[in-house]
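What follows is a short report on a single structure.
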Amino acid sequence: MALTKEELQSAKQHIIEVSRELYDIGLLVRTWGNVSCRIDEDHFLITPTGIRYQDLTPEMIVAVDINDLSYESSFAPSSEKAVHAACYKVRKDVKFIIHTHQVYASCAGTLGLKKIVTYFDDADIIIPVAPYALPGSAKLATNIYNTVKKYSDTNGIIMSNHGAICFGKNSREAMYEAEKLEVACNNFLIDVCKTDMHHGVEVGFNSHKEEGVIVYDISDTPERVKMIHEEIYRRRPDVKYIIHNKSEAVMTVSRRASHMRPLFDDFAQLIGYNVKIPSNEYGKDGQNFHNIKRNVNAVFVLNDGAYCVGSNEDDALAVADVLDKGCIAYNAVMRHGEGHYLSLLECYRNNRYYRKTYSKLAELAEKE
Ligand SMILES: [Zn+2]
């Protein structure tokens, strides 16, 4: 039965409210993740692509056909609409879906396991992990379809090297599942991977550029650190903000690793895929001791965390956040003894796709 105009409007409003709630509790960040709700047997409403949750309005929420993914709107629906459609196709009872890049569930999804066996509230649970495929690809939708079908009594699935997808009869059920997954996966990381790491940015020495001059957040920033900032700004004229992340996960990697292969799509997209950690402070030629490259947005320093760069504060913060998640996963994989990394080609495709769409969106926003 078709929804009335008022019902449709309130369904759109509800999607926005749930998106903001998820954003506030930290399960959604930046423009990553998406939320949808079924409106009849063959259609669902979904959040648009590339718009921040704070800026959503009802007319941006797009109705999509479950069978052929067609839609009529000037706003493009989320590029992960096929994944939502796959869930609605298999599970006729599902009315609401949340896709997130939530930290602990995503980290558990990098270990190369087909399922995560863990516990929640003293009960044993199994969380299926859908095999990896590039975001937005038909293969990814097929993988989700098959996993949802195989585990038909489960309302939460991890997407390998990407995130999670949670659903239910209504938004409350889907949200409960997303929160449950996060707690249960953190239990797994602590118990099985011996990785008990709080997610976040532990700020060290930040700076930004104001009319060509470097301004440090902390006035007595040491000379040694200032040299690193100066070197980054000199070699990366596009950088305007530097956030120094000294979180436990990032610090551990800066001490122990020499090279970080991406474990996440968003890491490959936002940070890059040739992230090296110097093994000493002086480097081979005694000069260019930091790995400062055009397409790598995190500069690691031995035993000093990483300097996360962006053309504005928002971008640098997103890099710091995604880097921390990537480093928690890296620690978990090391301690677990195995993991599933993205291939170089997958990293390249992720990075190129993101640069193309993101710069296009930024251009559009500037024109407005
Ligand atoms: Zn995603």
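Any read-out appearing in this document is the output of simple, stated calculations on the displayed coordinates, not a laboratory observation. These numbers were taken from a predicted model, which means no experiment stands behind them. We place every Cβ from the backbone using ideal geometry, glycine too, and count neighbours over all the protein chains shown.
Eigenvalues of the alpha-carbon gyration tensor of segment 112-247, scaled by 5 and square-rooted, set the equivalent ellipsoid semi-axes at 42, 19, 14 angstrom, largest first.
Where q = 0.14, 0.21 Å⁻¹, what log10 of I(q)/I(0) comes from the Debye formula for segment 1-146, counting one point per Cα? So the normalised log intensities are -0.71, -1.42.
Taking label points 7 Å from Cα along the Cα-to-Cβ direction, TYR354 and ASP42 give a separation of 3.7 nm. Scanning residues 5 or more positions from ASN312 or on other chains, those with amide H under 5 Å from its amide H are LYS240, TYR241, with H placed 1.01 Å from N in the peptide plane.
Extent along the principal axes, Cα only, for the chain: 70, 49, 34 Å, with the longest axis given first. Filter LYS81/LYS180; LYS95/LYS149; LYS240/LYS293; LYS92/LYS169; LYS12/LYS180; LYS226/LYS325 down to the pairs with a C-alpha to C-alpha distance above 18 Å, please. Result: LYS81/LYS180; LYS12/LYS180; LYS226/LYS325 exceed 18 Å.
The stretch between GLU59 and LYS276, if pulled fully straight at 0.36 nm per residue, gains 73.7 nm over its current Cα-Cα span.
Between 0 and 90 degrees, the angle of helix 223-235 with respect to the longest Cα principal axis of the chain falls at about 60 degrees. Compared with the dominant Cα axis of the chain, that is its longest principal axis, helix 171-191 is turned about 40°. The order of the peptides 58-65, 30-37, 334-341 by mean Cβ neighbours within 10 Å, most packed first, is 30-37, 58-65, 334-341.
The angle between the Cα long axis of helix 5-24 and the main principal axis of the chain comes to about 30°, on a 0 to 90 degree scale. Using modelled amide H (1.01 Å from N, peptide plane; none on Pro or chain starts), what sits under 5 Å from the amide H of LYS95, excluding residues fewer than 5 places away? Those qualifying (amide H under 5 Å, at least 5 residues apart or on another chain) are GLY168, LYS169, ASN170.
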